[in-house]
Amino acid sequence: MERPRAGTHYPKALGDFQAWFRTDADCLDYLEWLRWPGGFICPSRGLPGGWRLGDGGYQCTGCGKRTSVMAGTIFDRTRTPLAVWFAACWHFATGKDGIPALSLKRTLETGSYQTVWAMLHRLRSVLIRPGRERLGGRIEVDETYIGGQEPGLSGGRAQGKKVLTGIAAGILEPKGFGRCRMAPLADASAASLHPFAEGHIEPGSTIVTDGWRGYRGLEKKGYLHDRQSQRAATARDEDPGELLPGVHRIASLAKRWPLGTRQGAVDSANPPNYLNEFVFRFNRRHSRSRGMLFHRVLELAVVHGPARYRDLVAARHPKAVPPTPPARRGHPPTLDRPAPDRPWRKISSSG
Ligand SMILES: [Zn+2]
């Protein structure tokens, strides 16, 4: 798909958002476009061809199974109307640092705190794209404690419910930081740090670390290992704290991130979720439009779940015979519905 554009593929600002998504049907239409930009694809076997049913669902012309655009996504089987989900998603995505559940509850003027909290939780859970690529090039790696600052604990060594977190940061030439990855670690041993590196960094990359022994042996896993010794830096009269500027910058941002500390206290059962939200926002910090993040979250939301997009793409092959409509009910989507007056529909109908 072409690069998404503000005002065409996603709303530019709150005014656009409100005009585009007045009803649940508007929202469903948008999700359908995101999930099946080239028309319906059966989630069971990944083949195209199906008929829209009266209730807004689809029936596959191949296997006859019925499904809906929301099946297998975070929107499936929730009582919350889709328009409320969209509003939650808009505020979640466009808030510079995200949005706390209590503020979102006030903004939406609907639902209980628990409902709103659960929505945010589900939105966070889709932020990591299945099968996303690993970082490459020159990558700094370090580990640090991030998370809940508990009242009553004092002093720099009080960890509370903090989570030991691995951080990998891409370093750009001549200067600046690229993308980052974060994940909780069981401990700072090689048995935890090496899988973290292998899970997030392409072999052949250069990994820059401090002298900690948990990083020894990375060169045997296919990496170039640049160990920056603190002692050597001190001997060279350099500041040892500046050996890994990328990961240290990201760690300090994550520690100051308001939702990180709040969620760390509330959400200790599922720590990766708020790390994922931080990484999602950090990696899109140069996005020109906040609406772009809204589009991205929804796009991720419809490819997550039991029927994953990569599985569908892997199984996809062209249909030899054009489908014929079922006798009893349903219509080809093109006959059933005139193209709605929505900019993204004009895009999809041309391609
Ligand atoms: Zn099917």
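Here's the yes/no breakdown for (1) open to solvent by less than 10 Å² (accessible area, probe 1.4 Å); (2) at pLDDT 95 or above:
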residue: L185; (1), (2): no, no
residue: A191; (1), (2): no, yes
residue: I207; (1), (2): yes, yes
residue: W212; (1), (2): no, no
residue: H225; (1), (2): no, yes
residue: S229; (1), (2): no, no
residue: A232; (1), (2): no, no
Q) So which residues in segment 48-83 are touching a Ser or Thr at 6+ places or on another chain (Cβ under 6 Å), within 24 Å of W20 (Cα to Cα) and not in a loop (DSSP other than H, G, I, E, B)? A) Y58
Q. On the given criteria, is P4 at pLDDT 90 or above and more than 16 Å from the ligand (Cβ to nearest atom)?
A. no
Q | Residue among Q59, Q18 that alone is farther than 22 Å from V126 by Cα and under 25 Å from the mean Cα position of the chain (by Cα) | A | Q18
Q: Please indicate, with yes or no, whether at least one residue in segment 66-79 is near the ligand (Cβ under 10 Å from one of its atoms) and either under 28 Å from L123 (Cβ atoms) or not aliphatic (A, V, I, L, M) (or both).
A: yes
Q | Unmet requirement for D97, which otherwise passes all of (1) more than 16 Å from the ligand (Cβ to nearest atom); (2) in contact (Cβ under 8 Å) with a residue 12 or more places away in the chain; (3) out of contact with any Pro (no Cβ under 7 Å at 6 or more places or on another chain) | A | (3)
Q | Pairs where the first residue, in segment 123-138, is of a type in the set (D, E, K, R) and the second is open to solvent by 60 Å² or more (accessible area, probe 1.4 Å), C-beta under 7 Å, 6+ apart | A | R134/E202
Q. Can we say D239 is without any contact (Cβ under 8 Å) to a residue 40 or more places away in the chain and charged (D, E, K, R)?
A. yes
Q) Of the conditions (1) touching a residue at least 40 places away in the same chain (Cβ under 8 Å); (2) within 15 Å of the ligand (Cβ to nearest atom); (3) open to solvent by 40 Å² or more (accessible area, probe 1.4 Å), C63 fails just one. Which one is it? A) (1)
Q) Which residue out of L102, L82 is under 14 Å from L298 (Cα atoms), over 19 Å from the mean Cα position of the chain (by Cα) and open to solvent by 10 Å² or more (accessible area, probe 1.4 Å)? A) L82
Q: For residues that are charged (D, E, K, R) and either in contact with a Gly (Cβ under 7 Å, 6 or more places away or on another chain) or near the ligand (Cβ under 8 Å from one of its atoms) (or both), scanning just segment 40-59, find the one that is most open to solvent (accessible area, probe 1.4 Å).
A: R45
Q. Which of the residues that make up segment 216-252 are in a helix (DSSP H, G or I), more than 13 Å from A169 (Cα to Cα) and either touching a Phe, Trp or Tyr at 6+ places or on another chain (Cβ under 9 Å) or not hydroxyl-bearing (S, T, Y) (or both)?
A. L218, E219, K220, K221, Q230, R231, A232, A233, A235, P240, G241, E242
(Q) Looking only at segment 289-303, count every residue that is among the polar types (S, T, N, Q) and under 17 Å from R124 (Cβ atoms) and tell me the total. (A) 0
Q) In segment 7-39, which residues are within 16 Å of the ligand (Cβ to nearest atom), crowded, with 16+ Cβ neighbours inside 10 Å and over 14 Å from H295 (Cα atoms)? A) W36
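The values are calculated or read from the model by the stated rules, or taken from the named source; none is laboratory data. In this text the structure is predicted, and so the values were computed from the model without any measurement. Cβ atoms come from the backbone with ideal geometry, glycine included; neighbour counts cover every protein chain shown. Surface accessibility is based on the protein's heavy atoms, side chains included, excluding ligands, DNA and RNA. Shrake-Rupley method; radii C 1.70, N 1.55, O 1.52, S 1.80 Å.
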